[in-house]
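The values are calculated or read from the model by the stated rules, or taken from the named source; none is laboratory data. On a predicted model such as this, the values are computed, not experimentally measured, just so you know. Virtual Cβ from ideal backbone geometry, glycine too; neighbours counted across all protein chains shown. The area values use the complete protein model at the heavy-atom level, side chains included, leaving out ligands, DNA and RNA. Shrake-Rupley method; radii C 1.70, N 1.55, O 1.52, S 1.80 Å.
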Amino acid sequence: MGLRINDTVPDFTAQTDQGLIRFHDWIGDTWAILFSHPKDFTPVCTTEFGAVAQLAEEWAKRNTKVIGISVDGVEEHKRWKRDIEKTANAVAAFPIIADIGLEVSKAFDMLPAEAYLPDNPTPNDSQTVRSVFIIGPDRKLKLSMTYPMNVGRNFAEVLRALDALQTAAARGVAMPANWTEGQDVIVPLALDDAAAEAKFGKIDKVLPYLRYAKLKG
């Protein structure tokens with residue numbers, strides 16, 4: 001069965017280029033982003049890891065840890081990081097999981113249980129390992145997205161989604177399409193108009209079920 005929103009994500013122990021981790025312990029009391037890749041030393045993935053490295057300060061501001069995963073080994077990860085840092089002009093300080101046996105990829109439903117890597121594998125053998133998972137401090141999956149190998153992920157959108165998730169969780173609201181921090185939010189249907197006004201002040205009632213409010217503070 002696939003991993004669904006609000007499921008507790010799998011716990012696992014795995015080697016990374018920074019040593020052994022136990023995933024739930026590694027998350028600690030932070031948010032976490034797991035981003036996966038089918039192969040080291042591939043062009044699109046190199047630009048993506050570089051983008052993640054360049055956003056180190058943004059992840060820290062949001063109390064969020066990031067961790068990569070690829071089906072290659074620790075030594076390959078260490079060598080690949082040199083290319084990533086060279087092209088991105090940024091330090092790739094996050095760990096990368098060495099998922100040679102595909103255990104993590106299968107646990108997160110990126111590969112079927114019967115999948116295996118042949119001798120001399122190519123990226124096509126693990127092409128579905130191209131997902132982003134945003135995980136809350138409660139170890140539950142909050143968002144996932146999967147891209148094909150020939151389309152690089154937009155990490156500005158990952159940041160925007162993370163902001164939306166964190167604001168929704170902290171303030172008990174919902175976000176409209178294209179929401180960015182500072183814009184009006186949607187009042188949840190669980191609140192009637194009087195309760196909404198008591199909580200948020202003036203509300204903009206566009207439809208009986210679509211009401212906007214400004215967040216204070």
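Scan segment 185-194 and tell me whether some residue there is touching a Pro at 6+ places or on another chain (Cβ under 7 Å), under 20 Å from residue 5 (Cα atoms) and either touching a residue at least 60 places away in the same chain (Cβ under 8 Å) or surrounded by 13 or more Cβ atoms within 10 Å (Cβ to Cβ) (or both).
no
Restricting segment 201-211 to residues that are in a strand (DSSP E or B) and in contact with a strand residue (DSSP E or B) (Cβ under 6 Å, 6 or more places away or on another chain), which is most open to solvent (accessible area, probe 1.4 Å)?
The initial filter retains those residues of segment 201-211 that are in a strand (DSSP E or B), namely 204-207, 210-211.
Next, from what is left, pick out any that are in contact with a strand residue (DSSP E or B) (Cβ under 6 Å, 6 or more places away or on another chain): 204-205, 211.
Working: 204: 84, 205: 107, 211: 7 Å².
Checked segment 201-211; the qualifying residue most open to solvent (accessible area, probe 1.4 Å) is 205.
Go through (1) farther than 23 Å from residue 46 by Cβ; (2) open to solvent by less than 30 Å² (accessible area, probe 1.4 Å); (3) hydrophobic (A, V, I, L, M, F, W, C); (4) out of contact with any Lys or Arg (no Cβ under 9 Å at 6 or more places or on another chain) one by one and return the number of the condition residue 158 breaks.
Here residue 158 clears every test but (1).
How about segment 1-93: which strands (runs of 3 or more DSSP E) wholly inside it have at least 3 residues that are buried (at least 16 other Cβ atoms within 10 Å of the Cβ) and touching a residue at least 24 places away in the same chain (Cβ under 8 Å)?
Of the strands (runs of 3 or more DSSP E) lying wholly inside segment 1-93, those with at least 3 residues that are buried (at least 16 other Cβ atoms within 10 Å of the Cβ) and touching a residue at least 24 places away in the same chain (Cβ under 8 Å) span 13-16, 31-37, 64-70.
Counting only residues that are assigned to a loop (DSSP other than H, G, I, E, B) and in contact (Cβ under 8 Å) with a residue 40 or more places away in the chain, which one in segment 147-184 is farthest from residue 68 (Cα to Cα)?
The selected residue is 173.
Looking at segment 54-83, which of its residues are at pLDDT 95 or above, aliphatic (A, V, I, L, M) and farther than 21 Å from residue 162 by Cβ?
Correct list: 74 only.
Looking only at segment 32-62, which residues are over 13 Å from residue 81 (Cα atoms) and of a type in the set (Val, Ile, Thr)?
Scanning segment 32-62 gives 33, 44.
Residue 198: part of a helix (DSSP H, G or I), loosely packed, with under 14 Cβ neighbours inside 10 Å and under 19 Å from the mean Cα position of the chain (by Cα), yes or no? Spell out the reasoning first.
Details: part of a helix (DSSP H, G or I): yes; loosely packed, with under 14 Cβ neighbours inside 10 Å: yes; under 19 Å from the mean Cα position of the chain (by Cα): no.
Against the criterion (part of a helix (DSSP H, G or I), loosely packed, with under 14 Cβ neighbours inside 10 Å and under 19 Å from the mean Cα position of the chain (by Cα)), residue 198 does not qualify.
Quick check on my filter: what residues within segment 127-146 are part of a loop (DSSP other than H, G, I, E, B), open to solvent by less than 40 Å² (accessible area, probe 1.4 Å), more than 15 Å from residue 7 (Cβ to Cβ) and not basic (Lys, Arg)?
Passing the criteria: only 129.
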